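To start, the structure itself, in structure tokens.
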Amino acid sequence: MTMNKIQRIVFTMACLLTSLGGYSYKIVSMGSYPVDKCTVTATYNSNNVIAGTTDIPASNSNNVTIHISNITPGYYLDRIEYEYVTDLGQAEAPRRASGPGIQTKDTIPHNSSHITHYAGDYGLAMPASDIIITAILQECTSISTYSLTLDGTATSLVYNGADHTVTLKNGGTTLVKGTDYTVTTGNNTYKDVFSSSITVTGCGIYKDTRTQALSITEAPLTITADNKSRDYLDENPTFTTTITGFVGDETVSALTTPPSCATMATASSPIGSYTITPSGAVAINYSFNYVGGTLTINQRNIGSTSTKGQAVISLSGSGFDTSDNYFNYNGNVQTPTVAVSYNSSPLSEGPTNDYTLTTTGHYTNALDLSKPDIYTVTVTFLGNYTGTKTATYQIRPRLQLKDDDPYRWEAYYNTEAYNMKVPTGVQAWVVNGFNTTAVELTGKEVIKKQTPMLLFREGSTKTFYPELTAETPTWTGGAYLKYCDSPWYLTTDPNIQNGNTKICILVRDNFVRTVSGTLAAGKCYLDLSGTTYFGAPLRLDITPTSIDTPEKTLNDMNNGKWYTLDGRQIQGVPTQKGIYIVNGKKIIIK
């Protein structure tokens, strides 16, 4: 169409006014290509624009917004084109091919942050002209050869403490979340253990919805019960575990419930090995492999070195004095009945039970358990117990001189203080402890513990013969009577072999000098070294008589009798200065 003069003047003035900001413009038409594939509307300063009608003042031409909505499924917005109108009041029908009449002036690219196929709002700076708005749409690409994975590697991973991202590929192309697709079911990022179906929906240039099962599985932990030990009858110790396999810097704090341990062993379970079984641990991201430990129950020491209480040995039997643990000698084998208990519970004797017994003498070889001696009962614990413990008892000598046979005297021990009842006509000689000085016992006196003794009839002839017939001294003991506290091997003693030491031992009823053999422990002997009688045997002429059995004198010591500090009773109240014992107390006489 050819413009006439008036039209050209109006157009020219319109352009002039436009340049001066007094004119307004129109969006002549708004549509899509292909047609009807979306809805295109516009506003300026929040005012709705009606295509071909609404004037948009030049002062607001920078505030135009194009709204793209209702995009047909399977299509996406590629761009928005705006074209000048070619003649005043006239508009060419838009065509999507190059050719005459197409005057595309500018393009608004799609906004990839608009996730629903790029539908949304687009700002437009209105040119100084009426324009035609066309939304150019393209068909979406189908997600047809997709792979939905974690970190682009696998559909299942083992927990490692890191964040893992859902990755979607279409063929070899990695799609971008928010631009190419959205996660409509599930999450885009996972760290903890999970197992579920993940659904993604295409957006932008992509279409279709796809679902894939993804998972993160538990990391394995090994929980091992620590080995423990205790003694029989003790309570079980506190059980502990060692845990390995934590991911990264995670520790036992990752467990919501720690493991516990159990065993079949109780305090009364016998010695041996018992399994410690761990179980019960709970954690969000871990599975568990349990390894048992061993509880070792050891023997319980209940012997003399025990710090957990010692066993008790009780001795009893017919003729046995339980208050002082002794038998009186009667010529027969006498052994007490032994009972052993621990914590008031009786123990059983026997090699397959709780203990075994052995009995040995202190001063003899104990082959004859009828002999006067101090005996030791040794309890050796076994089975559930260990250690040793001892108890002692005594067979006390019964002192009696037989009327029908000369008495062969031998030394013996006392284990307690005794009161000897020496009858008229009998003398008693004792060796003070392990000293070498013999003292005469007269009357009724206290004899110290472990004191060897020698008895003979008063007035008996004690003669050194034959060489000393010119002298017939009455032997009063003196320093000659001594006691052997350990075996003496005379044959190998050089002092005896060279004659420097001269001893006499009792053979039958004579003390006879000897240089050979062994003098057993617990025997008396005469030491005649340095005397003129070194070559003479010593004969004791003993007339048989009898004396009473020794009896204890502890009561005597508490009934007003006076004693010296070395335990010797004195007659009446002492007259000499010194320290004495009466009624169990020390008294000083000044």
Exercise for review: Answer with yes or no whether Thr165 is touching a residue at least 12 places away in the same chain (Cβ under 8 Å), surrounded by 16 or more Cβ atoms within 10 Å (Cβ to Cβ) and at negative phi.
Suggested key: no
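Can you name the strands (runs of 3 or more DSSP E) wholly within the stretch 241-311 that have at least 1 residues being within 30 Å of Tyr342 (Cβ to Cβ) and under 17 Å from the mean Cα position of the chain (by Cα)?
Fully inside the stretch 241-311 and qualifying: 260-263, 272-279, 293-298.
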**Study point:** Any strands (runs of 3 or more DSSP E) falling wholly within the stretch 178-233 and containing at least 3 residues that are open to solvent by 60 Å² or more (accessible area, probe 1.4 Å)
**Key:** 209-217
Review point. Before we move on, is Val312 at pLDDT 90 or above, of a type in the set (A, V, I, L, M, F, W, C) and either touching a helix residue (DSSP H, G or I) at 6+ places or on another chain (Cβ under 6 Å) or under 30 Å from Val247 (Cβ atoms) (or both)?
Key: no
Point to revise | Extreme residue, surrounded by the most Cβ atoms within 10 Å (Cβ to Cβ), among residues of the stretch 340-376 that are at pLDDT below 95 and aliphatic (A, V, I, L, M) | key: Ile374
Review point. Looking only at residues in the stretch 108-159 that are open to solvent by 50 Å² or more (accessible area, probe 1.4 Å) and closer than 17 Å to Asn63 by Cα, which one is nearest to the chain's Cα centre (by Cα)?
Key: Asp121
Review point. When only residues in the stretch 377-394 that are open to solvent by 50 Å² or more (accessible area, probe 1.4 Å) and over 33 Å from the mean Cα position of the chain (by Cα) count, which is modelled with the lowest pLDDT?
Key: Thr392
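Let's see how each residue does on (1) at pLDDT 95 or above; (2) within 30 Å of Gly202 (Cα to Cα); (3) open to solvent by 40 Å² or more (accessible area, probe 1.4 Å):
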site: Ser24; (1), (2), (3): no, no, yes
site: Gly31; (1), (2), (3): no, yes, no
site: Val40; (1), (2), (3): yes, yes, no
site: Thr43; (1), (2), (3): yes, yes, no
site: Ala58; (1), (2), (3): no, no, no
site: Asn63; (1), (2), (3): no, no, yes
site: His67; (1), (2), (3): yes, yes, yes
site: Asn70; (1), (2), (3): yes, yes, yes
Revision key, fill the gap. Of the residues in the stretch 515-529 that are part of a loop (DSSP other than H, G, I, E, B) and open to solvent by 30 Å² or more (accessible area, probe 1.4 Å), the one that is modelled with the lowest pLDDT is Ser529
Review point. What tally of residues in the stretch 562-586 results from selecting those that are assigned to a loop (DSSP other than H, G, I, E, B) and either at pLDDT below 75 or surrounded by 10 or more Cβ atoms within 10 Å (Cβ to Cβ) (or both)?
Key: 11
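Residue-by-condition table, conditions (1) β-branched (Val, Ile, Thr); (2) open to solvent by 50 Å² or more (accessible area, probe 1.4 Å):
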residue: Ile271; (1), (2): yes, yes
residue: Gly280; (1), (2): no, no
residue: Ile284; (1), (2): yes, yes
residue: Arg300; (1), (2): no, no
residue: Ile313; (1), (2): yes, no
residue: Tyr326; (1), (2): no, no
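The values are calculated or read from the model by the stated rules, or taken from the named source; none is laboratory data. Predicted model, so just to flag it, every value in this text is computed and none were measured. Please note: Cβ atoms are built from the backbone with ideal geometry, for glycine as well, and neighbour counts cover all protein chains shown. We work out accessible area using only protein heavy atoms, side chains counted, and drop any ligands, DNA or RNA first. Shrake-Rupley method; radii C 1.70, N 1.55, O 1.52, S 1.80 Å.
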